[in-house]
Amino acid sequence: MTNAAPISTERPGVTLERMSTDADYEAWLLANRETPNDLLPTDADAPDHEAFRQQGALRQTHPDWVDLAILEGGQIRGIASLYPSEEHVNAAELTYTIAPRDRNRGYGSLAVAGALDYAIKERGYAGAFAEVNSDNSVSQHMLANAGFTLAETHPGYVTLTLGSVESVE
């Protein structure tokens with residue numbers, strides 16, 4: 001974690017903190033995969049597995065990429081990531097994953113709310129979007145509860161937006 005002040009959430013004892021290195025992120029993913037061959041988050045992350053693998057390379061080269069660990073009791077419960085969209089004006093793409101053992105306990109909602117607060121207040125984004133697997137109704141519902149609306153439907157995934165999300169022309 002970095003020396004930056006943690007981001008408070010509405011639940012006492014749960015904070016979001018910036019992860020300082022890619023090694024922190026990768027170690028957490030390895031420790032929390034569901035099967036030995038599964039290195040991919042299963043929540044509202046990249047809709048296709050190749051896209052997620054490519055995120056590793058993008059994270060290495062994108063200076064504005066931010067990974068926020070969701071912490072409670074000294075344990076990382078999940079990770080929310082934000083990075084500027086190359087396809088949208090002044091909007092961040094939001095991805096997140098929650099450890100399998102911690103799903104359905106409200107950490108996803110806390111991660112989304114905290115990451116959005118950070119994106120708007122600290123980074124000055126006017127909007128955000130998330131791409132979610134079409135069959136992931138839990139994430140779609142959670143994002144809708146956070147104020148996201150369905151923007152586009154694609155084969156295998158949907159795009160939800162919040163705030164001002166305009167395409168680059």
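Going by amide H atoms built from the backbone, whose H comes under 5 Å of the H on Ser81, apart from near neighbours?
Close amide H contacts, sequence-distant or interchain: Leu68, Thr95, Tyr96.
Which percent of Cα pairs goes in each bin when the distances of the range 81-169 are cut into 10 angstrom slices starting at zero?
Going from the shortest bin to the longest, the percentages are 17, 52, 28, 3, 0.
Return the loop-located trypsin sites (Lys or Arg not before Pro) in the range 73-169 (DSSP other than H, G, I, E, B) with at most 16 other Cβ atoms within 10 Å of their own Cβ; answer none if there are none.
Arg103, Arg105, Arg123
Mind giving me the nanometre distance, one decimal, between the label points for Glu166 and Asp64, set 7 Å out from Cα along Cα→Cβ?
The answer from the label model is 1.6 nm.
Using a cut-off of 10 Å between beta-carbons, work out the net charge of the residues near Pro6 (Lys and Arg +1, Asp and Glu -1, Pro6 not included).
Within the 10 Å Cβ shell, the charges total 0.
How much length, in nm to one decimal, is gained on full extension between Ser137 and Ile120, taken as 0.36 nm per residue of separation minus their Cα-Cα distance?
Values: separation 17, 0.36 × 17 = 6.12 nm, distance 2.58 nm.
Fully extending the segment from Ser137 to Ile120 adds 3.5 nm.
Within 10 Å of each candidate Cβ there may be at most 13 other Cβ atoms; applying that plus a DSSP loop requirement, which GluC sites (Glu not before Pro) in the range 116-158 survive?
Loop-located and lightly packed - Glu122.
Since every read-out is calculated from the coordinates, none of them should be taken as a lab result. Note that the coordinates shown come from a computational prediction; the quantities given were computed from them, not determined experimentally. Cβ atoms come from the backbone with ideal geometry, glycine included; neighbour counts cover every protein chain shown.
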